[in-house]
Amino acid sequence: MKLAPPNFAHLKFAPMALAASALALSFTAFAEDADEPAAPAEITVADAKADPANWRQVDPENLFIFQTTKGRILIEAFPEVAPHHYQQFAAIIRSGDYDGTGFHRVIDDFMAQGGDIFALKGRDSGLPDIEGEFTFRRDPAAMPLEATIGPEDTAKFGYIKGFPIGTQASFFAEMSVDGMVESYIPHCKGITSTARTDDPNSANAQFFLMRGQAEHLDRKYTAWGRVVAGEDVVKAIKHGLEARDGYVDNPDILTSAKVAADLPEAERPEVWVERTDGPIFLAEMADKDDIDVCSLPSVPAVVDK
């Protein structure tokens with residue numbers, strides 16, 4: 001399928017803050033050091049079910065299934081971090097408007113952008129633009145970092161539910177008016193985020209899947225999900241920018257998008273993620289200090305179906 005020429009008034013972009021050559025140089029080391037991690041071969045879904053202290057099942061309401069011409073991508077959404085983005089993307093998935101859209105802007109070791117409904121259908125999603133949810137207010141007592149890089153009270157990075165998290169140190173909560181700290185999901189490899197124009201409140205339907213780390217997007221674009229299976233598929237999506245209009249020529253296609261909860265139970269993928277508050281993960285993190293959370297492998301998951 002070849003996309004119709006785009007109407008530029010409707011385009012949304014993940015930023016190209018660096019030239020393509022500079023991007024390739026910037027992310028080479030990351031790409032070499034952080035290939036998609038595989039869950040240990042001996043761990044199966046049955047093993048994960050039998051070990052709830054170290055594994056948790058992904059809620060099917062938060063599990064998005066992207067079937068593409070390169071294979072299947074499973075994304076876990078984090079509604080508490082960006083509730084309005086979660087609601088909008090779940091609604092668009094359920095509408096069927098993503099089915100047949102292309103990955104129209106794909107840059108090696110950076111990101112794969114999709115969700116341009118206008119290019120396929122000649123109309124937008126019909127939903128209003130979403131205000132930026134670049135950061136979220138977090139109560140360290142109610143939503144603690146499940147694992148921290150460095151001492152808990154001063155840590156700037158850690159995890160919640162398997163998601164990498166950047167944050168103000170928790171001791172700032174004692175000095176803030178609302179008793180909370182500012183936190184965000186950094187744009188590590190595997191993170192799902194939201195395209196927009198120069199207007200910070202212009203996000204609507206277009207998303208992008210991170211193929212490398214992009215720190216310059218942090219707290220400027222709304223990250224709301226994480227690829228839990230299919231990072232190899234994200235990496236395989238056809239890359240390129242057509243010089244004339246900025247679109248990939250003959251792109252790979254998002255053939256269907258579903259919310260797992262909408263499928264019959266027998267047909268749903270069952271995904272279990274290693275708990276980042278479990279004893280195994282905490283032991284692995286015990287010696288980590290003063291490093292970027294994006295330099296660590298993605299938290300493993302195992303999938304049935």
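Things to note:
- Distance between the modelled labels on Ala53 and Thr197, one decimal in nanometres: 5.5 nm (7 Å Cα→Cβ projection).
- Distant-in-sequence amide H partners of Val228 (H built 1.01 Å from N, under 5 Å): Leu74, Ile75, Glu76
- Using the Cα coordinates of region 159-280, the gyration tensor eigenvalues translate into equivalent-ellipsoid semi-axes of 29, 23, 14 Å, sorted from longest to shortest.
- Rg(Cα) / (2.2 N^0.38 Å) computed for region 164-220, rounded to two decimals: 1.36
- The radius of gyration of the Cα set in region 265-305, together with its Dmax, comes out at 13.8, 44 angstrom.
- Theoretical FRET efficiency, 1/(1+(r/R0)^6), r = Cβ-Cβ of Val45 and Lys220, R0 25 Å, to 0.05: 0.10
- Shape call, region 50-90: gyration tensor on alpha carbons, a/c limit 1.5: oblate
- Coil-residue GluC sites (Glu not before Pro) of region 108-204, DSSP, other Cβ within 10 Å capped at 12: none
- Nitroxide proxy distance, nm - points 7 Å out along Cα→Cβ at Asn250 and Asp262: 3.1 nm
- Calculated FRET efficiency for the pair Asp124/Arg72, C-beta based, R₀ 35 Å, to 0.05: 0.85
Every read-out reported here was derived from the displayed coordinates using simple, explicitly stated rules and does not represent laboratory data. Note that the structure is predicted; figures quoted are calculated from it, not measured. Reconstructed Cβ throughout: ideal geometry from the backbone, glycine too, with neighbour counts over all protein chains shown.
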